[in-house]
Amino acid sequence: MTSTLVLEQQPVRTYVAPNSLCLQWSWAGGWHPAGPHLPPARPADAAVTVEARGLRGHRRSDDTIALMRARAHAGHFAALCVRAGVPPVPVDVFVDTARVLASRLGRGLPDPPHSLHLVARVDAAAGEGPRGEARFTLTASVEANRAGLTPVRAHVDGRCAGTGPDRPHPFFVTGPAARACLLTPAIDDGPVIARDTVLRLARVLGFESREESRDARDWREDALSGRVTEAFICTDAALVIPVYAIRAPHGTWRIGDGQPGAAAIALRRAMIRLVRGEMRDDEQWLDVLR
């Protein structure tokens, strides 16, 4: 089975599995079709693997499918590849690949909370110089995000960075609901795009938001003093999840009254309206597949 996408301004045939697309890279030809037979999911001689999660497609109210911040995910993935020393996938090639895959699989996508989750991976072979090769695979699966507004306990390290496989990133809210300010620690890994989405969407909704890097003990003092009235985390799977308590290496503390706060509720509702096409996309985040 084959699908057509544009690669470096030239139409090429890209070999696909039922839920994935694959391209091959070599010194001689750059990124090109993987060949007449789809290769294994991960080459046996792969020395470096770069993987990025979080790009999602959503069914909108008019039954179209929209990719959320596809170009941002493509740029982030390219940067990860460069950092790892493997050939980066050009942004346009990444986005075209995602559009082809989402178009094929989006027809049967149920309404939210289901979404189409696209995982990007580059596997680079051990060879150096002209013998080096790499493979780009984009795989999609339908997932149901069951995380609602039920508060959770978040685990952080001493710098208040999220820990665990999903690397949740925390936000702390100060001030009354009408003048709420969102504060968040710096981030160098984890849900980078989800965090940026929260910060920018918060400004659209009229909240002040800024980065504030502090020790977890300082955040604890702010929570105990009442300066921090609300907290939530963002992950690649769920944009906003309310938090009732924070667990850090030196102890656990509660946040506010333990109930979902106004900022988390507003952000979550706005995000749902945005991906459903029921809110203006002023940031031009959505790539709608017609």
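The values are calculated or read from the model by the stated rules, or taken from the named source; none is laboratory data. Small disclaimer: the values here were computed from a predicted structure and weren't measured. Positions of Cβ are generated from backbone atoms using ideal geometry, with glycine treated the same way; all protein chains shown enter the neighbour counts. Heavy atoms of the whole protein, side chains included, go into the accessibility calculation; ligands, DNA and RNA do not. Shrake-Rupley method; radii C 1.70, N 1.55, O 1.52, S 1.80 Å.
Worth pointing out:
- Scanning the stretch 197-215 for residues that are part of a helix (DSSP H, G or I) and touching a helix residue (DSSP H, G or I) at 6+ places or on another chain (Cβ under 9 Å) yields Thr197, Val198, Leu201, Ala202, Val204.
- Residues located in the stretch 216-228, provided they are outside any helix (DSSP H, G or I) and open to solvent by 70 Å² or more (accessible area, probe 1.4 Å): Arg227
- Residue list for the stretch 191-206, filter: surrounded by 20 or more Cβ atoms within 10 Å (Cβ to Cβ) and either free of Cβ contacts under 8 Å to residues at least 60 places away in the same chain or on the phi > 0 side of the Ramachandran plot (or both): Arg195
- Selection count where residues are open to solvent by 20 Å² or more (accessible area, probe 1.4 Å) and outside any loop (DSSP other than H, G, I, E, B), scope the stretch 269-290: 7
- Looking only at the stretch 59-118, and only at residues there that are assigned to a helix (DSSP H, G or I) and β-branched (Val, Ile, Thr), the one that is nearest to Arg269 (Cα to Cα): Val95
- Filter result for Ala144 (without any contact (Cβ under 8 Å) to a residue 40 or more places away in the chain, closer than 30 Å to Cys22 by Cβ and of a type in the set (Gly, Ala, Ser)): yes
- Of the candidates Ala262, Ala237, Ala266, Ala248, the single residue that is open to solvent by 30 Å² or more (accessible area, probe 1.4 Å), aliphatic (A, V, I, L, M), farther than 22 Å from Asp111 by Cα and touching a residue at least 40 places away in the same chain (Cβ under 8 Å) is Ala262.
- Of all residues making up the stretch 152-196, the number that are assigned to a strand (DSSP E or B) and among the hydrophobic types (A, V, I, L, M, F, W, C): 9
- Residue within the stretch 93-108 that is within 24 Å of Asp189 (Cα to Cα) and buried (at least 23 other Cβ atoms within 10 Å of the Cβ) present: yes
- The lone exception for Ala120 - which of (1) in contact with a helix residue (DSSP H, G or I) (Cβ under 8 Å, 6 or more places away or on another chain); (2) of a type outside the set (Phe, Trp, Tyr); (3) modelled with pLDDT under 95 it fails: (3)
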